[in-house]
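Structure record follows, encoded as structure tokens.
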Amino acid sequence: MKKITLFLFAMILTITQLNAQITITESDMPAFQTKYLMYRDTTPSQLITPGNAGANQTWNFASAFIHQATDTLLYIDPATTPYGSDFTNSNLCLKKTNQAIYYSYFNKNSDSLNLLGQNGYYNQIPTPITAAFDPTLKIMKFPTTYLTNFTTTSGFSKIAYFGQTFNSIFVDSVKVKDITTANTSFDAYGSITIPLGTYQCLRSVITRTSIDTIWIKSISLGGQWTDVSSLLPDFGGTHISKLYSWQTTGIGYNLLEMYVDANNDTLMSVSYLGQIPQGISEIESKSDFQIFPNPATDVVYVFSNQIIKEVVIFNAIGESVKTLNVNDLSLNVNIADLTTGAYYIKATDQNNNTICTKKFIKQ
């Protein structure tokens, strides 16, 4: 991965259909504890194109791609992740695994979905870095439908230990600065066919311009910060990238993503949904933690062999719907006021560490 901000393309979410067109709202977010497998074709045929913009389009990619690699994407509770404490305003985390593990932290509200920051590998830095975006990067605004478009600018600055030789110079630390402007346009809708099947869909196109500056600090260079952006043209300087993606209702993630050359739309790489999304197991309990009955109608009983400080209940799209102060080994949670559906109950201990996150059904 060349830039930590690649993840911003990975978070165009589920949609709902209104007659022949599609509308995206806050309720169209993926649920906690959901796994997606995206298959990648890293050398797609140059005969494949994203097609035209406009209404009532038809795209057929049923046999166009070769499955060469797989990315696993997990939507999880930010508080259960190693870097959740760095993004206290996050209420949704995307964990992506391929050759390495990356985390993207989001905040969603009634107006928009925003990327707060990420943890992952950047350039040749040997260890992952945590980058907080300032200002945050808008990924989606609500409601959105065909012909909606918006532009947002964000960035980050980060100093990290390097401890390796670069151009025969031992480099102690690196400093990176990224400024990204992304234009998102929902330019088409219609029907798309991928190996999984045929879906009504909405297409978006994101054009992203990044300006990256890289400095190094070395004793042999007098211990001063030295700009080496021109020596790393793949990473430093101005870069423009472009992504087409197709989304449908009831899935929660992109059906198809095409990275293309920003100058001529030549296809560079393809990712497509390989399997219907699946639920993943709840976070492993650090204690003997139980909830019952499940499903439940009016009351959920919670028990633990570890003192519970607080219990928070989230709905399927990650919104907090109930918070209870406990300071006990057990409690009864009144859920009669909740609507029918799936929920997650998270318990934390006296040190604000997560004891367990479990799913339950409200009947």
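The values are calculated or read from the model by the stated rules, or taken from the named source; none is laboratory data. The structure displayed is predicted, hence computed values, not measured ones. Methodologically, a virtual Cβ is constructed for each residue, glycine included, from the backbone with ideal geometry; neighbour enumeration extends over all protein chains shown.
Among the residues making up the range 321-363, those that are out of contact with any Phe, Trp or Tyr (no Cβ under 6 Å at 6 or more places or on another chain), exposed (fewer than 13 other Cβ atoms within 10 Å of the Cβ) and either of a type in the set (Ser, Thr, Tyr) or on the phi > 0 side of the Ramachandran plot (or both) are Thr323, Asn327, Thr339, Thr340, Gly341, Asn352. Within the range 82-91, not a single residue is assigned to a strand (DSSP E or B) and at pLDDT below 90. Inspect all residues belonging to the range 122-138 and state whether any of them is part of a strand (DSSP E or B) and under 27 Å from Phe61 (Cβ atoms). No, the range 122-138 contains no residue that is part of a strand (DSSP E or B) and under 27 Å from Phe61 (Cβ atoms). Counting only residues that are aliphatic (A, V, I, L, M), over 17 Å from the mean Cα position of the chain (by Cα) and under 30 Å from Ile216 (Cβ atoms), the range 118-159 holds 2 of them.
Yes/no per residue for (1) modelled with pLDDT of 90 or more; (2) under 21 Å from Asn114 (Cβ atoms); (3) surrounded by 15 or more Cβ atoms within 10 Å (Cβ to Cβ); (4) of a type outside the set (D, E, K, R):
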| position | (1), (2), (3), (4) |
| --- | --- |
| Phe156 | yes, yes, yes, yes |
| Phe166 | no, no, yes, yes |
| Ile179 | yes, yes, yes, yes |
| Asp261 | yes, no, no, no |
| Ser269 | yes, no, yes, yes |
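Within the set of pairs 6 or more residues apart or between chains, which connect a residue that is at positive phi inside the range 39-52 to a residue that is not in a loop (DSSP other than H, G, I, E, B) with Cβ atoms less than 7 Å apart? Short answer, once both residue conditions are applied: Gly51/Gln57; Gly51/Trp59. For the range 196-209, a residue qualifies if it is modelled with pLDDT of 95 or more and either under 25 Å from Tyr122 (Cα atoms) or over 22 Å from the mean Cα position of the chain (by Cα) (or both), and the qualifying residues are Val205, Ile206, Thr207, Arg208, Thr209.
If you go through the range 31-46 one residue at a time, how many are crowded, with 17+ Cβ neighbours inside 10 Å and outside any strand (DSSP E or B)? Adding up the residues that qualify gives 4.
Give just the number: which of (1) touching a helix residue (DSSP H, G or I) at 6+ places or on another chain (Cβ under 8 Å); (2) modelled with pLDDT of 90 or more; (3) of a type outside the set (D, E, K, R) does Ile129 not satisfy? Every listed condition holds for Ile129 apart from (2). Taking the numbered list (1) farther than 30 Å from Asn109 by Cα; (2) assigned to a helix (DSSP H, G or I) in turn, Thr49 passes all entries but (2).
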